[in-house]
Amino acid sequence: MPTSKRLNVAVVGATGIVGQALLSILAQRYFPAASVRALASERSKGRSVPYNGSSITLEAIDEKAFKGIDVALFAASTDIALMYAPIAAEAGALVIDNSSAWRMKENVPLVVPEVNPKDIRDNEGIIANPNCCAVPLTVVLNPLRDAVGVERVLVSTYQSASGAGRALVEELEEQTKAIADGTKPQVVIYPYQLAYNVVPGGWHPEADGFNEEEVKIANETRKIMHMPDLPIAATCVRVPVPVGHGLSAFIETTRRISADEVRTLLGSSPGILIEDDPHAKIYPTPHHVAGKDEVYVGRIRNDPSSKNGLALWLVSDNLRKGAALNAIQIAEELIKGFI
């Protein structure tokens, strides 16, 4: 890490599934932390969470919690982010927020380091971490845009249970066990049984028939890529997988590019690994990429229904690149030149 400065870090929402991923990745990447403070609700105060082979005691989040903090990594609800991110920033911390609270605010950068790291310079104390599907999608779209232009994007998502939090992961496991035991699975967390099923909903519906997740993916992709008029539409589906989001993307480019050229282009682009040999049964799956950092791309084809169309499949660990890892990579970029 090209800095001699060690930073005081706070993780807000440290008991949650993304908060614990943040703590794990901070240690794995040897982030130069002088101290790490784990913050959560008052009811969690005094408990401990694992960090770097040991544990740290949870503290309650309050207005005084950010004194002396350099970087505050938020993995809490939108309400908590709206309430405490400005307080943390006012105390001198650089906030990187995983919720949707700040993503579309005009004065808040929405950053994927492989795509728009220069936007970090424009922060006023808060940087937003994008949606867990917008992150891998833009990692793939960016080199295509730079090479041949991007005209239109249609994407269908296959989103794992962990995208909705630990409770749905646990419910999926319980439902699967119940079905195996021949008993009726309980449905509490999600609108429909997720085990042995796929659910094209579970997110708040919007007036036009899309849901909030589909709107987030479209709007955030446009903002990250500085393409406010990009035609893009998403269909989001929850699938019975613990970790790892898949995306099926149809992309129309400005100039034609062959599938082989796409493999070469994306294979040499940061943050992407190509696994694409269907005849040898080589393509990325959520089970395979869970715990890994890169965006995996396969099933790359020229779309015969469109003159300059491409079809491809991408998968990433939604708790890592789709959330915690991307946030820490933003912090690493700050260390390189902006703190």
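Computed values, structure above
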| item | result |
| --- | --- |
| Phi-based couplings in Hz for the stretch 11-28 (Karplus 6.51, -1.76, 1.60; Gly and Pro marked x) | 10, 9, x, 5, 8, x, 5, 7, x, 6, 5, 4, 4, 5, 6, 3, 6, 4 |
| Selection of GluC sites (Glu not before Pro), the stretch 197-301, meeting DSSP coil and at most 13 other Cβ within 10 Å | Glu206 |
| Listed residue pairs exceeding 26 Å between alpha carbons, taken from Lys216/Lys281; Lys5/Lys64; Lys292/Lys336; Lys105/Lys321; Lys216/Lys321; Lys45/Lys223 | Lys216/Lys281; Lys45/Lys223 |
| Solvent-accessible surface (1.4 angstrom probe) belonging to Asp146, in square angstrom, nearest 10 | 110 Å² |
| Alpha-carbon centroid distance for the pair the stretch 250-311 / the stretch 1-63, whole angstrom | 35 Å |
| Accessible-area composition of the stretch 189-259, carbon plus sulfur, in percent [1.4 Å probe] | 58 percent |
| Relative contact order (%) - the chain, alpha-carbon pairs under 8 angstrom, separation at least six | 18 percent |
| Probe 1.4 Å - accessible area at Phe210, Å² to nearest ten | 80 Å² |
| Hz values of 3J(HN,Hα) by residue in the stretch 87-92 - Karplus curve (6.51, -1.76, 1.60), Gly and Pro given as x | 5, 5, 5, 5, 7, x |
| Burial ranking of peptide ranges 189-198, 324-333 (average Cβ count within 10 Å, highest at the top) | 324-333, 189-198 |
| Interchain or long-range residues, amide H under 5 Å from Ile127's placed H | Val95, Ile96, Asp97 |
| The chain: calculated mean residue ellipticity at 222 nm from DSSP helix runs of at least 4, using -39500 (n - 2.57) | -8500 deg cm²/dmol |
| Normalised contact order of the stretch 56-158, rounded percent, pairs of Cα under 8 Å and 6 or more residues apart | 21 percent |
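The values are calculated or read from the model by the stated rules, or taken from the named source; none is laboratory data. Since we're looking at a predicted model, the values are computed, not measured. Methodologically, a virtual Cβ is constructed for each residue, glycine included, from the backbone with ideal geometry; neighbour enumeration extends over all protein chains shown. Keep in mind that these areas ignore ligands, DNA and RNA; they rest on the heavy atoms of the full protein, side chains included. Shrake-Rupley method; radii C 1.70, N 1.55, O 1.52, S 1.80 Å.
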